[in-house]
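The values are calculated or read from the model by the stated rules, or taken from the named source; none is laboratory data. Keep in mind it's a predicted model, so treat the numbers as computed, not measured. Here the Cβ is made from the backbone with ideal geometry for all residues, glycine too, and neighbour counts use every protein chain on show. Ligands, DNA and RNA are excluded from the accessible area calculation, which covers all protein heavy atoms including side chains. Shrake-Rupley method; radii C 1.70, N 1.55, O 1.52, S 1.80 Å.
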Amino acid sequence: MIPTPLDLTAMRRALVLADAAAAEGDVPVGAVVVDASGTIRGEGRNLREATHDPTAHAEVVALRRAAESLGSWHLAGCTLVVTLEPCIMCAGAVLQARLPRVVFGAWDAKAGAAGSMYDVLRDRRLPHRVEVVGGVAEGEASARLQAFFDVRRDGD
């Protein structure tokens, strides 16, 4: 799958949100939910450290805000754009929101659920499947994660 120009614009915003997460000590992941016209309906960044909430992943924050903005949990016609491949929890949230598309930057070989470790979003046993576009701005997204964890490893 090839990213659209709207996907690339949304990814730029998600990268800015990832930077904001890192600046406050959270893992640098940012996410936006856009409608078919490319309008951002919800955005989020990792807030686990800031809120002490284990579910405060960027994707979940963005999905909650999009649902509130649209007045519905059913996010048909929207796309989630996130800097890191969603984990199992976030993939489950995508399925529950009935999102038709997910675009992500860096692959997550340790916990990814959109094609690397698991492929929850396209599992044919489930009633809803999602189009997945991975590796969009992968270098930029990966560099942020690498820099964030390098600093923490050097401090040990």
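Please identify which residues in the range 89-113 have an amide N closer than 20 Å to a label point set 7 Å out from the Cα of S142, following the Cα→Cβ vector.
103-113
Under a plain spin-label model, where a point goes 7 Å from the Cα along Cα-to-Cβ, how far apart in nm are A50 and K110?
Taking the two extended label points, one gets 2.3 nm.
Go through V16, V151, V132 and list them by solvent-accessible area, largest first, probe radius 1.4 Å. Can you show the working numbers first?
Details: V16 75, V151 95, V132 10 Å².
From most exposed to least exposed: V151, V16, V132.
Determine the percent antiparallel among the DSSP beta bridges restricted to the range 1-146, to the nearest 5.
Close to 55 percent.
Within the chain, what whole-number % of the accessible surface is contributed by carbon and sulfur, with the 1.4 Å probe and all protein chains included in the calculation?
55
Over the chain, give the accessible area per residue in Å² for a 1.4 Å probe, as an integer.
Spelled out: the 1.4 Å probe surface of the chain, per residue, equals 50 Å².
Would you work out the charge dipole size for the range 1-91 about its Cα centre, treating the Cβ of every Lys and Arg as +1 and the Cβ of every Asp and Glu as -1, and quote it to the nearest 20 debye?
It comes to approximately 180 debye.
Based on the alpha-carbon set only, what is the convex hull volume of the chain divided per residue, in Å³? Walk me through the numbers before you get to the answer.
Values: hull volume 16.0 nm³, N = 156.
Given the Cα convex hull of the chain, per-residue volume reads 102 Å³.
Just grab the label-to-label distance for F149 and W73, each label 7 Å out from Cα along the Cβ direction, in nm (one decimal).
That separation, rounded to one decimal, is 3.3 nm.
By its C-alpha gyration tensor, with a ≥ b ≥ c as the square roots of the eigenvalues, how is the range 40-118 shaped: rounded for a/c under 1.5, else prolate for a/b larger than b/c, else oblate?
It comes out oblate by the Cα gyration axes.
Expressed as an acute angle from 0 to 90° and rounded to the nearest 10, what is the orientation of the C-alpha long axis of helix 88-97 relative to the principal long axis of the chain?
With rounding to tens, the tilt is 30 degrees.
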